[in-house]
Amino acid sequence: MDKIVIGSLLILAGFICLMAIWFPRIRPRWKGSSVTFGPLSCTGFAAFFTGLGAATLSSGFHLPSSCVLFFIIFAVSGWILGIVGSKRDGRHDRDISNLTIDKSEKQGKSISPRLVGFVIAIALGDFLFLQARSAWTNYWLLQDGQQGMAIVTNELWSGHNAVGYRYTVNEKEYTGRSGRNWKIEKYSKVPVGGESVVYFSASHPWLSLLYEPRTVIEGLPVVIIVMFFEFFAVATIISPGNKWAFDLSDKKTKQAS
């Protein structure tokens, strides 16, 4: 429960940072400076807090380790983007006080909004694809799931209790990847070569997990938030100037120029 509360608060912080892109009045200032967070910084820290919160929630909901790893990478990427944005904020603040800097030079150093939107859209799209595949598996396991036994074949590099395994249905062998069954103590730490219960679909026997899913879409609030970000990323790619796009321009600089 603590992970769920902490994760929710972090995602809320990310949402506030996201809203600051469109509402400059709520943008904070850099510590010990009069420089205000710019759109790029807000985007970076929105991704950082959201990724960190989603990773915490994923851990709390016992989602596959690939989800947790993805969100951690997403959070680190957001932190890097936020730091890059902080440098840009400082540079633009100095530019405003020195109007002799050529406008074309400043435009040449700016980061393309479409490029930022494309990178974010690809990263979030990959996550949504994995979630859609997971939801498909969960759906069929809940519809006509059956129970069998599997042999754990290897530990996966993604860690977080994830393993590869093989099992047989109607004399045909299948393989799968899943987190261990944390619900049943007997199977929660099965070593390589050991046996674990496996749940597979009778109509789609290649779909399986080592644990029984609770619902079709695990961590639905996280998925909704990611879809929210994906919408704005795609809008940025299509038309950086529309009201739904990430505003990565420096309006103060434009006015000063």
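Taking the Cα centre of segment 139-209 as reference, the dipole from Cβ charges on Lys and Arg (+1) and Asp and Glu (-1) amounts to some 180 debye.
For segment 139-209, the relative contact order is 39 percent, taking Cα pairs closer than 8 Å that sit 6 or more residues apart in sequence and dividing their mean separation by the residue count.
Which length gain, in nm to one decimal place, applies between residue 122 and residue 243 when the Cα-Cα distance is subtracted from 0.36 nm times their residue separation?
Values: separation 121, 0.36 × 121 = 43.56 nm, distance 2.11 nm.
Using 0.36 nm per residue and subtracting the Cα-Cα distance, I get 41.5 nm.
Shape class for segment 169-218, computed from the alpha carbon gyration tensor (a ≥ b ≥ c): oblate, with a/c not under 1.5 and a/b at or below b/c.
When only Cα pairs below 8 angstrom with a gap of at least 6 residues are kept, segment 175-235 shows a relative contact order of 28 percent. Positive contributions from Lys and Arg (+1) and negative ones from Asp and Glu (-1), summed over other residues with Cβ under 14 Å from the Cβ of residue 189, come out at 0. Computed from Cα atoms alone, the Kirkwood hydrodynamic radius reported for segment 139-209 is 12.1 Å. Extension gain for residue 6-residue 112 works out to 34.8 nm (0.36 nm per residue, less the C-alpha to C-alpha distance). Here the spin labels are modelled as points 7 Å beyond Cα on the Cα-Cβ line, and at residue 129 and residue 182 they lie 2.7 nm apart.
Spin-label model, residue 84 to residue 231: label points 7 Å out along the Cα-to-beta-carbon direction sit 2.6 nm apart. Site pair residue 224 and residue 175 shows an inter-label distance of 3.8 nm when each label is modelled 7 Å from Cα along Cα→Cβ.
Note the full-extension length gain between residue 139 and residue 157 as 0.36 nm times their separation in residues minus their Cα-Cα distance, in nm to one decimal.
Values: separation 18, 0.36 × 18 = 6.48 nm, distance 2.66 nm.
Extra length from residue 139 to residue 157 when fully extended: 3.8 nm.
Where a number appears in this text, it was derived from the coordinates with a stated rule and is not lab data. Every value quoted in this text rests on a predicted model; they were computed, and no experiment measured them. Please note: Cβ atoms are built from the backbone with ideal geometry, for glycine as well, and neighbour counts cover all protein chains shown.
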